[in-house]
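*Asks:* Could you have a look at this structure, given as structure tokens, before my questions?
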Amino acid sequence: NGSLLFQGGVLRPQFADPRLGDLPASGTSIDSTPGLGERAAQPFYQSRVAYSHPMNGSNLVVGAGGHYGRERIGADHTLDSWAFAIDYSVPILRRVTWRGENFVGSNLVPFGGGVLQGVAFLQPIGTAPPTQINRIGAGGGWTELIIKATADNKNVFYTGVGEDDPRDEHLLAGTTRSRNAFAWASYFHRFGDNTTVGLEWSNWQFKTRATVAGVPGPQGPSGTANVFNLALAYQF
């Protein structure tokens, strides 16, 4: 009773690393101000394969996907972007599901990876080209439990953790975000068929790494945040 799913995509390339100056100017569209992805003259390539099998009244799903892209800096400097990810959704019990995704890759700023860092570089004084350019590797992911507390599916709890962890050895001065970790818990209650209210708490742990003479040094400033969200949805 199992099944295989194959997916493939060819996407418009786009990079958005603000330190490289490739963000569209204010008031313009990406069409009038091409980013570093468009200047690479080739698209993003992505694919995924997933296996599905019935389990506990739902489906067990395990998938693996890949991404490849390229950006161009200046006249002739190109940098690759790649990622590999594994995703899963496991119905442990009829009303309890465990799901998540883990990834590794490099130059992942198009997807917010590397804590919004794709490339680190050292820029000399003046307008000379950078003396060093590092693609920033990163790994991480997220995992959560979904608990349907009642048989009518009107009361659902979510709880999970995740992280985005750039490789410290790739960081340089001005590009020092070394880790972003988070945890969350939420509750959704459905009133009838159209209205749902949700309450969520999330905790964020952010760290930086100082650099000394171009080499990662001691831990830099860090921060913690607790965020509460209340949402109301009406479907029609």
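The values are calculated or read from the model by the stated rules, or taken from the named source; none is laboratory data. Predicted model, so just to flag it, every value in this text is computed and none were measured. Ideal geometry is used to build each Cβ from the backbone, glycine not excepted, and the neighbour counts take in all protein chains shown. Side chains are part of the model used for accessible areas, which takes the heavy atoms of the whole protein and leaves out ligands, DNA and RNA. Shrake-Rupley method; radii C 1.70, N 1.55, O 1.52, S 1.80 Å.
*Asks:* Taking the chain as a Gaussian network, Cα atoms linked when under 10 Å apart, which of Ala185, Ala151, Ala138 shows the biggest mean-square fluctuation?
*Replies:* Looking only at Ala185, Ala151, Ala138, the biggest GNM fluctuation is shown by Ala151.
*Asks:* Quick check on the chain: helices-only [θ] at 222 nm, where DSSP H runs of length 4 and up contribute -39,500 (n - 2.57) each and the sum goes over total residues. Nearest 500, please.
*Replies:* So the calculated ellipticity at 222 nm is 0 deg cm²/dmol.
*Asks:* Report which label in (1) 20.5; (2) 18.5; (3) 17.9 holds the value of Kirkwood radius over Cα pairs in Å derived from the coordinates of this structure.
*Replies:* (1)
*Asks:* Short version: ³J(HN,Hα) in whole Hz for each residue of segment 112-124, in order, from phi by Karplus 6.51 cos²θ - 1.76 cosθ + 1.60 (θ = phi - 60°), x for Gly and Pro, what are they?
*Replies:* Values, residue by residue: x, x, x, 6, 6, 10, x, 9, 10, 8, 9, 10, x Hz.
*Asks:* How large is the dipole of the chain about the Cα centre if only Lys and Arg carry +1 and Asp and Glu carry -1, each at its Cβ, rounded to the nearest 20 debye?
*Replies:* Computed about the Cα centre, the dipole is about 340 debye.
*Asks:* Hey, for a label at Ser202 modelled as a point 7 Å past Cα toward Cβ, could you say which residues of segment 149-169 have their backbone N under 18 Å away?
*Replies:* Under 18 Å, as judged by backbone N against the label point of Ser202, lie 157-166 of segment 149-169.
*Asks:* Another question, then. Restricting to Cα pairs below 8 Å that are 6+ residues apart, what does the relative contact order work out to for the chain? Please round to a whole percent.
*Replies:* Over the chain, the number comes to 11 percent.
*Asks:* Might you work out the accessible area of Ser47 for me, using a 1.4 Å probe with all protein chains in place, and round it to the nearest 10 Å²?
*Replies:* The accessible area comes out at roughly 70 Å².
*Asks:* How many nm separate the modelled label positions at Ala210 and Gln46, each set 7 Å beyond the Cα in the direction of the Cβ?
*Replies:* 3.9 nm
*Asks:* Ignoring ligands, DNA and RNA, what percent of the accessible area of segment 104-218 is carbon or sulfur (1.4 Å)?
*Replies:* Summing carbon and sulfur atoms, their accessible area is 61 percent of the total for segment 104-218.
*Asks:* Still on this model: Among Leu79, Val62, Phe111, pick out the residue whose Cα is farthest towards the positive end of the charge dipole of the chain, where Lys and Arg carry +1 and Asp and Glu carry -1 on C-beta, about the Cα centre.
*Replies:* Val62
*Asks:* For the chain, what is the accessible area per residue in Å², given a 1.4 Å probe and the full set of protein chains? Please list the in-between numbers first.
*Replies:* Working: 13390 Å² over 236 residues.
For the chain, the per-residue accessible area is 57 Å².
*Asks:* Now for a separate question. List, in order, the whole-Hz ³J(HN,Hα) value for each residue of segment 98-106 obtained from phi through the Karplus relation with A = 6.51, B = -1.76, C = 1.60 and θ = phi - 60°; use x for Gly and Pro.
*Replies:* Karplus values, whole Hz, x for Gly and Pro: 10, 9, x, 7, 10, 9, 9, x, 8.
*Asks:* In a GNM of the chain with a 10 Å cut-off on Cα contacts, which of Leu116, Leu93, Leu20 has the highest mean-square fluctuation?
*Replies:* Leu93
*Asks:* If you average the C-alpha positions of segment 56-106 and of segment 177-228 separately, how far apart do those two centres end up, in angstrom?
*Replies:* 20 Å
*Asks:* What nm distance separates the two modelled labels at His77 and Ala64, each placed 7 Å from Cα along Cα→Cβ?
*Replies:* 3.5 nm
*Asks:* Who wins for biggest fluctuation among Ala183, Ala85, Ala41 in a Gaussian network model of the chain, springs between alpha carbons below 10 Å?
*Replies:* Ala41
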